[in-house]
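All remarks here apply to the structure that follows.
The values are calculated or read from the model by the stated rules, or taken from the named source; none is laboratory data. The structure presented is a predicted model; accordingly, all values stated were derived computationally and were not measured. Cβ: placed from backbone, ideal geometry, glycine included. Neighbour counts: every protein chain shown.
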Amino acid sequence: MRNTVCCLFLLIFSTNTFSVNSNLILADSFPDKLSEFEFFVDDSAQEPHERVIPYELISTLFSDYSYKQRWVYVPNNAKASYVKDWVFDFPEGSALIKTFYYPVDERNPDLGKQLLETRLLLRKKDGWEAVSYAWNEQQNEAYKKIAGKTINASWIDFMGDERQVRYRVPNVNQCKECHAAKDSITPIGPKAKNINKHYSFEEGDFNQLTYWMKKEIIDSFPEDLVSPVDWRNETKDINDRARSYLDVNCGHCHSPTGNANSTGLYLNLVETRDINLGVYKKPVATGRGSGGNKYSIVPGKPDESILLYRMESMDPGIMMPESGRALTHQEAVEMIRDWITQLPNK
């Protein structure tokens with residue numbers, strides 16, 4: 001009996017002391033397999049280690065209708081610092097983890113999902129580094145894909161129709177196209193304003209920022225945050241919805257510090273100048289990307305607005321964003337069309 005109790009104690013102790021492989025986060029190279037990081041107790045089920053905390057954004061980036069699960073890991077005895085209008089300043093050894101997937105059938109989540117890839121942003125000694133891991137057909141392991149990968153995926157949508165897409169796992173350079181600011185790789189999503197919402201954790205329903213404080217992975221956050229809205233929520237003001245969508249999908253590049261800073265078109269949520277938001281703004285250099293239109297946004301005239309033209313296009317030389325999608329986001333296009341239509345012609 002005593003030996004049984006001891007074995008049970010050792011089993012419990014072993015489980016509770018399971019830890020993320022922090023050495024690999026800081027290593028000079030990436031391991032071949034995602035499981036080597038030990039972010040998950042069960043990789044296939046995406047069951048995270050207790051220090052790997054799930055989170056959601058208020059409005060999310062469009063990625064060919066794929067679903068996403070997000071987690072954050074901050075090492076023990078370290079905290080991320082709040083930065084105004086930017087992502088938290090995460091300490092060395094932190095990791096941001098995001099898995100992309102399609103449900104088998106959107107109408108019935110219990111039917112399971114097809115895991116596509118898990119992207120990592122790892123906070124090394126000299127800054128952030130990005131790497132993607134593509135899931136195998138058996139859905140029991142994800143493997144490093146420095147050069148990217150194309151996955152033929154399909155799912156049943158809410159209308160009962162089969163949707164198909166050639167989903168693209170990005171290569172390292174494509175990661176940099178979005179995750180770059182001031183010539184360095186940086187996270188996009190985990191700004192305080194973007195996670196200022198409730199989430200159902202195992203311990204209960206909490207505001208995510210409050211929960212992060214409870215878990216001691218951040219040092220502070222202001223109570224007067226101006227946050228985006230969920231652009232899909234049609235009860236919200238159309239201007240708030242449109243600005244929130246453009247902020248999360250375009251604002252990381254189209255900002256004074258992003259890759260598209262030279263365009264003068266700034267679509268981040270804090271921008272207030274009409275001209276920089278695109279209203280009667282002439283493009284710097286779009287070539288045929290303008291579609292023959294003169295301005296980024298013409299109030300009341302969506303079909304004369306370059307912004308909408310490039311959102312609708314699937315031509316690689318015209319479409320925006322330039323990479324990361326193989327489908328047009330029809331619902332967002334309709335919403336932006338409605339937004340431009342109701343904009344006052346000053």
Inset, instruction - Kindly provide the set of residues from segment 297-336 that are outside any loop (DSSP other than H, G, I, E, B), touching a strand residue (DSSP E or B) at 6+ places or on another chain (Cβ under 9 Å) and farther than 16 Å from residue 61 by Cβ, ordered by number. - result: 297, 304, 305, 306, 307, 308
Legend entry - Residue that is farthest from residue 67 (Cα to Cα), among those in segment 160-206 that are of a type in the set (Asp, Glu) and at pLDDT below 95: 183
Inset, instruction - Take the residues in segment 299-335 that are closer than 17 Å to residue 166 by Cα and acidic (Asp, Glu), then tell me which one is modelled with the lowest pLDDT. - result: 322
Legend entry - Residues (surrounded by fewer than 17 Cβ atoms within 10 Å (Cβ to Cβ), among the hydroxyl-bearing types (Ser, Thr, Tyr) and assigned to a helix (DSSP H, G or I)) located in segment 204-252: 210
Inset, instruction - Would you point out the residue of segment 329-340, among those that are loosely packed, with under 15 Cβ neighbours inside 10 Å and either touching a residue at least 60 places away in the same chain (Cβ under 8 Å) or of a type in the set (Ser, Thr, Tyr) (or both), that is farthest from residue 297 (Cα to Cα)? - result: 331
Inset, instruction - Filter segment 42-68 for residues that are in contact with a Pro (Cβ under 7 Å, 6 or more places away or on another chain) and either over 25 Å from residue 245 (Cα atoms) or among the polar types (S, T, N, Q) (or both) and give the result. - result: 48, 59
Legend entry - Criterion (surrounded by fewer than 18 Cβ atoms within 10 Å (Cβ to Cβ), out of contact with any His (no Cβ under 7 Å at 6 or more places or on another chain) and within 13 Å of residue 46 (Cβ to Cβ)) met by exactly one of 141, 117: 141
Legend entry - Breaking point among (1) outside any helix (DSSP H, G or I); (2) among the aliphatic types (A, V, I, L, M); (3) closer than 19 Å to residue 61 by Cα, for residue 284: (3)
Inset, instruction - Please specify each residue of segment 138-159 satisfying the condition of being more than 20 Å from residue 64 (Cα to Cα), part of a loop (DSSP other than H, G, I, E, B) and at pLDDT 95 or above. - result: 138, 139, 140, 141
Inset, instruction - Can you tell me which residue within segment 41-76, out of those that are among the aliphatic types (A, V, I, L, M) and not in a strand (DSSP E or B), is farthest from residue 25 (Cα to Cα)? - result: 58
Legend entry - Subset of segment 278-312 that is of a type in the set (Lys, Arg) and surrounded by fewer than 17 Cβ atoms within 10 Å (Cβ to Cβ) - its residue that is farthest from residue 328 (Cα to Cα): 282
Inset, instruction - Please find, among 131, 83, the residue that is among the β-branched types (Val, Ile, Thr), exposed (fewer than 14 other Cβ atoms within 10 Å of the Cβ) and either modelled with pLDDT of 95 or more or assigned by TED's automatic domain parsing to the domain that holds residue 170 (or both). - result: 83
Inset, instruction - Could you list all residues from segment 313-328 that are surrounded by 13 or more Cβ atoms within 10 Å (Cβ to Cβ) and either hydrophobic (A, V, I, L, M, F, W, C) or in contact (Cβ under 8 Å) with a residue 60 or more places away in the chain (or both)? - result: 318, 319, 320, 321, 322, 323, 324, 325, 326, 327
Inset, instruction - For residue 36, state whether it is assigned to a loop (DSSP other than H, G, I, E, B), charged (D, E, K, R) and out of contact with any Pro (no Cβ under 6 Å at 6 or more places or on another chain). - result: no
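Taking the stated definitions as given, is residue 247 within 21 Å of the chain's Cα centre (by Cα) and acidic (Asp, Glu)?
When the stated conditions are applied, residue 247 passes them.
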